[in-house]
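Only one structure is covered here, and it is reproduced in the block below.
The values are calculated or read from the model by the stated rules, or taken from the named source; none is laboratory data. Treat the numbers as computed from the prediction; the structure is a model and nothing was measured. Cβ placement follows ideal geometry from the backbone for every residue including glycine, while neighbour counts extend to all protein chains displayed.
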Amino acid sequence: MILHGIPNCDTIRKAKKWLESHGIDYQFHDFRKDGLERKTLEKWVKQTGWEVLLNRRGTTWRQLPAETKESIDESSAIDIMLESPAIIKRPVLVNGKQIIVGFNEEQYKQLG
């Protein structure tokens, strides 16, 4: 099980705390420090949809030019997420073939 994100994110901290308090082993993958491969991101997009992965509430999104935001599609979203991983909704928890985007305690309770 791999928890993807950035360490200074409050939602990442909540997810880590929840996993640890429930005795669930995981590895942490820091988007910024460890990078993110295009094929990994494309796999996530295929499974969840780019709209789910793209965080439109954060500072990174707000700083994008209006024309970029208005014309965004799957291809440009992937490019933006690779260039600025902080724009990816966090955390992304990968458990085998299952991918959970964001922290939702009910979804985490379903982990095997």
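The table for this structure:
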| quantity | calculated |
| --- | --- |
| Filter result for residue 20 (more than 13 Å from the chain's Cα centre (by Cα), closer than 21 Å to residue 108 by Cα and acidic (Asp, Glu)) | yes |
| Within the stretch 97-112, considering residues that are in contact (Cβ under 8 Å) with a residue 60 or more places away in the chain and not acidic (Asp, Glu), the one farthest from residue 9 (Cα to Cα) | 111 |
| Boolean, residue 39 is surrounded by fewer than 17 Cβ atoms within 10 Å (Cβ to Cβ), in a helix (DSSP H, G or I) and not hydroxyl-bearing (Ser, Thr, Tyr) | yes |
| Flag if residue 31 is at pLDDT below 95 and of a type in the set (A, V, I, L, M, F, W, C) | yes |
| Answer residue from the stretch 27-52, given it is among the aromatic types (Phe, Trp, Tyr) and either touching a strand residue (DSSP E or B) at 6+ places or on another chain (Cβ under 7 Å) or in contact (Cβ under 8 Å) with a residue 60 or more places away in the chain (or both) and is nearest to residue 78 (Cα to Cα) among those | 44 |
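Okay, residues lined up against (1) touching a strand residue (DSSP E or B) at 6+ places or on another chain (Cβ under 8 Å); (2) closer than 18 Å to residue 2 by Cα; (3) among the β-branched types (Val, Ile, Thr):
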{"residue": "25", "(1), (2), (3)": "no, yes, no"}
{"residue": "54", "(1), (2), (3)": "yes, no, no"}
{"residue": "67", "(1), (2), (3)": "no, no, no"}
{"residue": "75", "(1), (2), (3)": "no, no, no"}
{"residue": "110", "(1), (2), (3)": "no, yes, no"}
